[in-house]
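Here is the structure we will look at.
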Amino acid sequence: MQHALELALALTRQHDEAGLCDWLLETMQAAWQPQGMLLGMVDVSGRQLTCQGRVHDTPVALSLGVDDFSHPLAYALHKNQARTWDSLYGGARIEHREFRQMLVSVGTNCGLHALPLLSESGKPLAVLALLDTPTRLQTLHQRGECERLAQVFCRQLMLLRELAHTRREQVALRDSLRQIKDEGQSRREQEKRVEATLIGRSVVIKELHQQIYQAAKHRLSVLIQGETGSGKDVVARLLHQCSERADKPFIAINCAAIPENLIESELFGYQKGAFSGAQSNKIGLVEQANGGTLFLDEVGDMPQSMQAKLLRVLETHSFRPRGAEKEVHSDFRLIAATHQPLDQQVSDAEVRQHLYHRLCQCLLQVAPLRERPDDIRLLCEHFIGQFADKQQKHVGPLNRAFLRQLVAYDFPGNVRELRNLLEVACAHTPDGEAPSLASLPPELRERLTSSTPEEQDCYQHIHDLRIATQRYEAAVIEARLRQFQGNRLLVADSLNIPKRTLDHKCQKLEVN
């Protein structure tokens with residue numbers, strides 16, 4: 001009983017396969033003291049035996065092929081039955097060079113007993129080989145103790161593997177849950193950043209938020225279209241900040257602001273001595289954007305001479321600085337923006353068609369401020385708060401009459417113009433008071449108060465309210481159809497009406 005308890009205690013101390021293999025060999029050595037032992041474990045591929053053991057007092061380590069019948073272990077493994085050879089010289093077939101070298105120290109009267117170790121389903125797990133005299137091997141086989149010990153080993157091995165598999169599944173589950181949690185946290189941080197930067201609650205702005213989240217997940221080139229001052233550069237930076245490249249450079253260039261003869265050097269850089277005045281090497285913006293984002297603002301104003309070169313860089317991400325002998329590779333994500341109608345410029349042969357398609361892998365449209373008047377109040381509160389902090393003074397809530405005037409204004413300069421108006425108004429507003437129309441200089445006040453004939457006569461020109469309402473509805477629907485490029489489902493969603501209602505109004509008002 002004492003011996004059995006010690007054996008069980010030693011077995012339960014083994015927490016991995018390597019320790020279990022050592023336990024089996026040590027137990028065999030202590031119980032029977034054979035001349036040699038070899039335990040070959042079948043690897044995960046099922047093609048190799050990783051063997052360890054000892055012959056006399058010499059440790060042995062071998063790697064044998066499962067299908068290599070130049071050694072006797074392959075025979076026992078493939079037959080799935082124990083086999084005893086009385087002699088290793090003329091008895092067992094041994095042509096494997098390393099296996100033969102292992103047997104150099106054993107005598108001619110030494111035999112081999114090979115026992116395949118199987119799982120309960122019959123799958124080969126390992127093979128155990130004992131080297132000793134034929135008489136001792138025969139006695140050991142008849143007593144059956146070796147086979148029972150091998151069964152204990154196999155069952156414990158399967159338990160360890162099941163436990164390891166369970167642990168791997170638990171780790172994978174924890175990693176998956178952690179990833180989901182991290183992704184959720186990252187998404188919430190993105191939403192918080194986007195909502196705090198791209199101000200607005202209108203349908204078009206909320207849709208733009210979603211488009212930014214979606215575009216930030218991939219690496220396609222993005223083209224941002226919108227009127228001057230609508231916030232295209234803000235959208236570009238948000239795309240970069242929400243992407244996996246957020247911690248890498250964001251390199252911006254205004255293609256309309258750089259002379260044609262300098263834009264190539266700015267983009268691609270140059271080597272010292274490449275031209276007169278090149279006193280040192282210059283790293284171009286494309287190379288600076290390596291790993292990050294390259295933002296080409298007003299790409300529609302890029303000279304045609306540069307369009308072919310840019311197209312090649314977009315396709316290969318390689319370029320040659322001026323005066324350089326070798327090309328340079330840059331892993332950048334391209335975002336471009338323009339207020340120009342690029343499709344029309346393609347038709348007019350001002351922009352290369354292939355370049356347009358390469359730029360327009362993902363299109364984002366930034367709506368002008370006049371199409372989202374509901375956002376003006378939020379924008380005003382945001383900008384007034386910024387200017388109050390900057391000017392270190394308390395500014396009261398926006399005057400309601402001033403807000404109505406701002407909402408009625410069409411803002412040809414969009415958000416940039418609104419920001420400028422409010423900055424001027426806050427600068428001229430005394431501490432503790434609210435910005436008002438009177439806070440603006442006369443020229444800006446006149447711009448806001450200049451009215452159309454309809455506003456000047458208080459709509460006295462309207463003689464049929466039904467017709468006037470229909471005209472207004474038609475104008476709104478036509479504007480939205482242009483904004484969403486004829487997609488009636490998006491137009492209906494932006495106007496908060498069913499698509500069927502929109503279709504009926506389009507037919508009734510003869511809007512195409």
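The values are calculated or read from the model by the stated rules, or taken from the named source; none is laboratory data. None of the values given here were measured: they were computed from a predicted structure. FYI the Cβ positions are ideal-geometry reconstructions off the backbone, even for glycines, and counts take in every protein chain you see. Side chains included, ligands, DNA and RNA excluded: accessible areas come from the protein's heavy atoms. Shrake-Rupley method; radii C 1.70, N 1.55, O 1.52, S 1.80 Å.
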Picking from 243, 221, 176, the residue that is over 25 Å from residue 417 (Cα atoms) and touching a Leu at 6+ places or on another chain (Cβ under 6 Å) would be 221
Selection over segment 276-287 where residues are open to solvent by 10 Å² or more (accessible area, probe 1.4 Å) and either under 26 Å from the mean Cα position of the chain (by Cα) or without any contact (Cβ under 8 Å) to a residue 12 or more places away in the chain (or both) yields a count of 6
### Message
Looking for something in contact (Cβ under 8 Å) with a residue 24 or more places away in the chain, on the phi < 0 side of the Ramachandran plot, surrounded by 13 or more Cβ atoms within 10 Å (Cβ to Cβ) and assigned to a loop (DSSP other than H, G, I, E, B) - is there at least one such residue anywhere in segment 437-449?
### Response
no
Practice task
Would you mind stating whether residue 381 is open to solvent by 10 Å² or more (accessible area, probe 1.4 Å) and modelled with pLDDT of 90 or more?
Solution key: yes
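Look at residue 65 and say whether it is open to solvent by less than 40 Å² (accessible area, probe 1.4 Å), of a type outside the set (A, V, I, L, M) and either in contact (Cβ under 8 Å) with a residue 24 or more places away in the chain or in contact with a Phe, Trp or Tyr (Cβ under 7 Å, 6 or more places away or on another chain) (or both).
no
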Given (1) closer than 21 Å to residue 154 by Cβ; (2) modelled with pLDDT of 90 or more; (3) not acidic (Asp, Glu), residue 65 misses just (1)
The helices (runs of 4 or more DSSP H) lying wholly within segment 462-512 that contain at least 3 residues that are charged (D, E, K, R) and farther than 21 Å from residue 374 by Cα are 499-509
Every listed condition ((1) at pLDDT 85 or above; (2) surrounded by 13 or more Cβ atoms within 10 Å (Cβ to Cβ)) holds for residue 431 save (2)
Listed by first then second residue, the pairs whose first member lies in segment 38-52 and is free of Cβ contacts under 8 Å to residues at least 24 places away in the same chain, whose partner is part of a strand (DSSP E or B) and buried (at least 17 other Cβ atoms within 10 Å of the Cβ), with beta carbons under 7 Å and at least 6 positions apart or on separate chains, are 50/40; 50/41; 51/38; 51/39; 51/40; 51/62; 51/64
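Return yes when residue 342 is open to solvent by less than 10 Å² (accessible area, probe 1.4 Å), under 20 Å from residue 480 (Cα atoms), at pLDDT 90 or above and touching a strand residue (DSSP E or B) at 6+ places or on another chain (Cβ under 9 Å) and no when it is not.
Against the criterion (open to solvent by less than 10 Å² (accessible area, probe 1.4 Å), under 20 Å from residue 480 (Cα atoms), at pLDDT 90 or above and touching a strand residue (DSSP E or B) at 6+ places or on another chain (Cβ under 9 Å)), residue 342 does not qualify.
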Among residues of segment 288-315 being out of contact with any helix residue (DSSP H, G or I) (no Cβ under 8 Å at 6 or more places or on another chain) and open to solvent by 60 Å² or more (accessible area, probe 1.4 Å), the residue farthest from residue 233 (Cα to Cα) is 312
Going through segment 488-512 in order, the residues found to be surrounded by 13 or more Cβ atoms within 10 Å (Cβ to Cβ) and within 21 Å of residue 208 (Cα to Cα) are 488, 490, 491, 492, 493, 494, 495, 497, 499
message: If I filter segment 206-219 for residues that are touching a Lys or Arg at 6+ places or on another chain (Cβ under 6 Å) and under 19 Å from residue 378 (Cβ atoms), do I get at least one hit?
response: no
How many residues of segment 229-254 are open to solvent by 50 Å² or more (accessible area, probe 1.4 Å), of a type outside the set (D, E, K, R) and within 21 Å of residue 306 (Cβ to Cβ)? The answer is 2
Note to self: Regarding segment 360-382, can at least one residue be identified that is of a type in the set (S, T, N, Q), in contact (Cβ under 8 Å) with a residue 24 or more places away in the chain, more than 27 Å from residue 491 (Cα to Cα) and assigned to a loop (DSSP other than H, G, I, E, B)?
What the structure shows: no
Checked against (1) closer than 18 Å to residue 33 by Cβ; (2) of a type outside the set (A, V, I, L, M); (3) open to solvent by 40 Å² or more (accessible area, probe 1.4 Å), residue 175 satisfies every condition except (1)
Among residues of segment 180-215 being part of a helix (DSSP H, G or I), in contact (Cβ under 8 Å) with a residue 40 or more places away in the chain and not aliphatic (A, V, I, L, M), the residue least open to solvent (accessible area, probe 1.4 Å) is 190
Checked 24, 11 against criteria (surrounded by fewer than 18 Cβ atoms within 10 Å (Cβ to Cβ) and modelled with pLDDT under 90); the one match is 11
Counting only residues that are open to solvent by 70 Å² or more (accessible area, probe 1.4 Å) and not in a loop (DSSP other than H, G, I, E, B), segment 216-228 contains a total of 1
